[in-house]
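A short worksheet on the structure shown next.
All of the numbers you see were taken from the coordinates with simple rules; none came from a lab. Being a predicted model, the structure only gives us computed values, none of them experimental. Neighbour counts run over all protein chains shown; Cβ positions are idealised from the backbone, glycine included.
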Amino acid sequence: MTRADAARRVGIGTGAATELVARLTAAELISERPAEPTGRGRPTTVLQPHPRGPLVLAVAFAHETWRAEVVQLGGEVVACDAGDLDRAYGDGERVVLEVRDRLTKLRRRFRGRIRGMGVSVPGLVAMDRLVEASTLNWPGLDLGVLWPKAPVTAVGNDATFAASAESRRGAAVGASVALHVRVDAGLGGALVESGRVLTGAVGLGGEFGHVPFAGDDVECPCGARGCWGASLDGSALARLLGRPVPADPVAYARRVLASDGAEERRAVEVVAARLGRGIAGLVNAVDPDLVTVGGLGVDYLASASRALDDAYLAGLMAFRRADPPPVLAAELREGGPVAGAAEEAWTRLWPLLPT
Ligand SMILES: [Zn+2]
C-alpha cells in the first residue's frame with residue numbers, strides 16, 4: 001500500500017501521515033521504498049514491513065500433520081516448516097518436544113525478531129492448555145512448552161482461529177458480526193464481532209457442533225447425545241450408507257464427497273441439508289451479517305449447494321428469507337487455522353510494541 005493510500009484509509013492528511021510514518025519507521029515497524037510512478041499525482045512511497053521488524057510464529061496442528069509459519073506484518077509468510085505427527089508414540093509430550101526443537105531452529109534463523117507465537121490445535125483449549133482433542137489424545141497438554149519464554153503466546157482451537165483469520169483476511173472482512181462454521185473431524189467455529197472473536201469465559205466457546213440440533217439418540221464423542229456435529233461427520237455418512245464406522249472419519253468423508261456414486265451423492269445431500277438447517281438455527285439465534293463455512297463445509301457447499309441452501313432457507317425465520325445472510329465458502333480454506341494463529345499472536349503483541 002502506498003503512503004497516500006494508507007493516509008486516505010486512516011483518514012489523515014499528508015502532514016500527519018508523514019509524521020506517523022516517521023514514528024513507525026523509527027520504531028522499526030515499517031519502512032518505505034519509492035512507488036512506481038503512475039503519471040498521476042505527486043510521487044509517493046510504498047509502505048512495507050521493516051527488514052528488522054517484529055515477526056510472529058504461527059503453528060497449526062492438524063490430525064496427522066503440523067505446520068509452522070514465520071509471518072511478518074501484513075501477513076506475508078517469510079519462512080515455514082512442516083512435518084507429520086508420529087502418532088505411533090501416542091504421547092503428546094514427546095511429539096510436542098520434537099516440534100519444539102524444529103521451532104527453536106526456525107527462531108534462531110531470525111535472531112530475536114520473532115516476538116510471539118500462536119498455536120492452533122484441533123481440540124478444546126482453555127487457558128492455553130489442551131483440554132481434549134479426540135483425534136490427538138493429548139489431554140491436559142501444555143502447548144506453551146513449544147516456546148516457554150515467548151513474549152506472548154496465543155493457543156486456541158483451529159475453528160476459532162480460522163474464524164479470526166476469515167474476518168481479518170478472508171471472506172468476512174468488513175462484516176460487523178460474522179459467523180464461521182468449520183467442519184472437520186468435529187464441527188466448530190466462532191462468532192466474530194467487529195473483528196473480535198468471542199471465545200467465551202475460558203476460551204471454550206464456539207462448540208456449535210455440540211448443540212443438539214440432530215435430535216437423535218446418536219452418542220457424540222463428547223459424551224452428549226444428538227449433537228449436530230455427530231450428524232454430519234464421516235461416521236454419519238457411513239451410517240447413512242449402511243457401512244461400518246470408519247477409522248479416519250475425515251478421510252472417509254473426503255472419499256464419499258469425491259465419489260460420483262448415486263448412493264454417495266444422496267448421503268452427501270442429506271448431510272449438506274443437515275449443515276444448512278443447523279446454520280439457519282445459528283443465524284436465527286445470533287443474527288450475523290454473513291456466514292463463512294470452512295473445512296469440509298467448503299466441499300458440501302460445492303457438491304450439494306442446492307440441498308444446503310434449501311434447508312438453510314427452510315430453517316430461517318420467515319422474515320429473514322427475503323434477504324438471508326449469505327453463506328460463503330471460507331477464502332482461506334485449509335490455511336485458515338495457521339493464518340488465525342498468526343493473527344491472534346499479533347493481537348496479543350500489539351500492546352507491547354513501541355509506536
Ligand atoms: Zn457432542
Per 10 angstrom bin, beginning at 0 and ending with the bin that holds the maximum distance, the Cα pairs of segment 1-66 fall in percents of 19, 40, 20, 12, 8, 1
Potential extension, Ala27-Asp101 segment - 0.36 nm per residue separation minus Cα distance:
23.6 nm
Mean shadow area (nm²) of the C-alpha convex hull around segment 244-355 is 10.1 nm²
Report the calculated FRET efficiency for Ala251 and Ala322 (r = Cβ-Cβ distance, R0 = 51 Å), to the nearest 0.05.
0.80
Can you tell me the order of 321-331, 45-55 when each peptide is scored by its average per-residue count of other Cβ atoms within 10 angstrom, highest first?
45-55, 321-331
Whole-Hz couplings from phi, Karplus 6.51/-1.76/1.60, listed for segment 326-334; x for Gly and Pro:
x, 9, 10, 6, 4, 6, 7, 6, 6
Would you kindly state how much longer the chain becomes between Arg94 and Asp217 on full extension, computed as 0.36 nm times their sequence separation minus their alpha carbon distance, in nm to one decimal?
40.5 nm
Looking at segment 173-330 from every direction and averaging, what is the projected area of its Cα convex hull in nm²?
9.4 nm²
Calculated P(r) of segment 58-168 - Cα pairs past 18 Å, %
46 percent
With springs connecting C-alpha atoms under 10 Å apart, model the chain as a Gaussian network and identify which of Tyr312, Tyr300, Tyr252 has the largest mean-square fluctuation.
Tyr252
Positive minus negative residues near Gly170 (Lys, Arg vs Asp, Glu; Cβ under 15 Å):
-3
Trypsin sites (Lys or Arg not before Pro) within segment 61-145, DSSP loop, no more than 12 other Cβ atoms inside 10 Å
Arg111
If I build a Gaussian network model for the chain, linking alpha-carbon pairs within less than 10 angstrom, which residue out of Gly242, Gly226, Gly297 has the largest mean-square fluctuation?
Gly242
In the chain, how does Rg compare with the Kirkwood Rh, expressed as the Rg/Rh ratio over alpha carbon atoms?
1.02
Roughly speaking, what is the stretch gain from Arg42 to Ser259, that is 0.36 nm per residue apart minus the C-alpha to C-alpha distance, in nm to one decimal?
72.4 nm
Expressed in angstrom and rounded, the centroid-to-centroid distance over alpha carbons for segment 51-88 and segment 297-335 is 31 Å
Under 5 Å from the placed amide H of Ala329, counting only residues 5+ away or on other chains, we find Val293
